[in-house]
Structures are given as C-alpha cells and as structure tokens.
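Here is the structure we will look at.
Just so you know, all these numbers are worked out from the coordinates, no wet-lab data involved. Owing to the predicted nature of the structure, the values given are computational and were not obtained by experimental measurement. Every residue, glycine among them, receives a Cβ derived from its backbone with ideal geometry; neighbour counts consider all protein chains shown.
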Amino acid sequence: MMNREEAYKLVKPHLTEHRYEHTIGVTNTAVELAEKYGADVRKTETAAIFHDYAKFRPKDEMRQMVVDFGLPKDLLDYSTELLHAPVGAILVKKEIGIKDGEILDAIHYHTSGRPNMTLIEKCVFLADYIEPGRKFPGVEEVRELATVDLDQAIVQSIKNTVNFLMKKNQPVYPATFETYNDLVRPREKGETNGRK
C-alpha cells in the first residue's frame, strides 16, 4: 500500500486548495478514530485521503458514470453532492489502481452512509463531518460524542444533516435514513454496531 505522502501527491491535483486542506483534516481525524475504535489504520487512512477524489469532476461526467457503471439510478434524483462518493470509488479503482474493497466502500459510502457500515466506513464518514476545518452548528456536540461513542456520533451527525436538509426543503437520500435506523435500532444482547 502506498504511503501517505505518495497518496497526497496523487490526490492533490484533483482538489482545490481548500478541499486539499479538508482532506488532510479528514485523514488525521479518521486515523485518530481508527486507532481509538480498532479499525484498520492504513486502510482508513487511504480511504480518507481519496474520499473526495471525484469532488470536482464535471457533473455531467458523474451522472453518465452512474448510468455506465450500473450505480443505483435513484442517485440521479437527489443532490449532485451525493455523486462524488460512489463515482469517486470507481475512479480511484480505475485511475489510482486501488482495488481493496474495504477502502473503495469507505469512499463510496462516505456521504450517504449505509446500514451495516464497517468500522473503516464509519471512521471516514464521521471524520468527513467533524474534521477541524468544519464549522457549523452542532459539529462540537458530534466531536464530543466521537470521543466516547462512534455510533452515537454518527447518529447525531445524521440528525443534524437531515434537519439541515429539511429546513431547506431538500430531499434526503434513503440510504441516510437507513443508516440512522440501523444505528438506533435496539440490538440483540451481545451484538454491537461496532462491526469490523
């Protein structure tokens, strides 16, 4: 697996300066979360570095890739903000040559989430929300939760996001609701949500 500096060099040309700073913040935060909660640190780091690889691709190109690569068609019915995550996973595999499914899934689901997220996916999803450059109402509460309970921090981040979208009369992608439901549903004794 490539080291952090090599990975940063590959991703930097695809990002604005501001988004590159965000990526460094997400990477550092994701690694901290991985170390704390027991996720694979190297895979989490790699997924975090490449999570926004497709962020600035032309919208039409991303829409076309949804069709060409058989991604869920309903992606096209929601904000184009969602597209860079699943499209990014495809492009990182194609252009960078990363074939590890766990890394690619963490990139794919870092915006929407999904039920039964792996620890790597959870760390990247949450790091994207709480990295130090993020400044918006509710982020401090989620940062606090992240120090004690990974799942509860994700639940709160989803609540905040859904409230934000609803206030703006924007639709919420179903996988985000499904992620929330999965994390708040009572578990059988002995079963945890901190899946590896």
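Would you please state which residues of region 118-136 a label at Asn163 would reach in this model, taking the label point 7 Å out along Cα→Cβ and a backbone N cut-off of under 15 Å? Taking a point 7 Å out along Cα→Cβ of Asn163, the residues of region 118-136 whose backbone N falls under 15 Å are 136. Between Gln152 and Phe69, what is the FRET efficiency for a Förster distance of 25 Å, r being their Cβ-Cβ separation, to the nearest 0.05? Rounded to the nearest 0.05, the efficiency is 0.15.
A simple rule links phi to the HN-Hα coupling: the Karplus curve 6.51 cos²θ - 1.76 cosθ + 1.60 with θ = phi - 60°, which for region 77-90 gives 8, 10, 3, 5, 4, 6, 5, 5, 6, x, 5, x, 4, 5 Hz, with x for Gly and Pro. When the chain is treated as a GNM with alpha-carbon contacts under 10 Å, the residue of Met62, Met166, Met117 showing the greatest mean-square fluctuation is Met166. Among Asp68, Asp74, Asp105, a tally of other beta-carbon atoms within 10 Å of each Cβ gives an order, fewest to most, of Asp68, Asp74, Asp105.
Take the Cα of Phe177, step 7 Å toward its Cβ, do the same at Lys99, and the gap between the two points is 3.9 nm. Exceedance of the 29 Å cut-off in Cα-Cα distance is limited, within the set Lys36/Lys94; Lys12/Lys159; Lys9/Lys73; Lys43/Lys135; Lys9/Lys159; Lys36/Lys167, to Lys36/Lys94; Lys12/Lys159; Lys9/Lys73; Lys9/Lys159; Lys36/Lys167. Exposed loop sites, defined as GluC sites (Glu not before Pro) outside DSSP H, G, I, E and B with at most 12 other Cβ atoms within 10 Å, are absent from the longest region of the chain, namely 1-187.
Over the chain, the hull volume per residue, using the convex hull of the C-alpha atoms, is 121 Å³. Might you report the magnitude of the Cβ-based charge dipole of the chain about its Cα centre, with Lys and Arg at +1 and Asp and Glu at -1, to the nearest 20 debye? Dipole magnitude for the chain comes out near 200 debye.
What residues of region 97-129 lie in the reach of a label at Lys59, counting those whose backbone N is under 20 Å from a point 7 Å from the Cα along Cα→Cβ? Counting only backbone N, you get 111-112.
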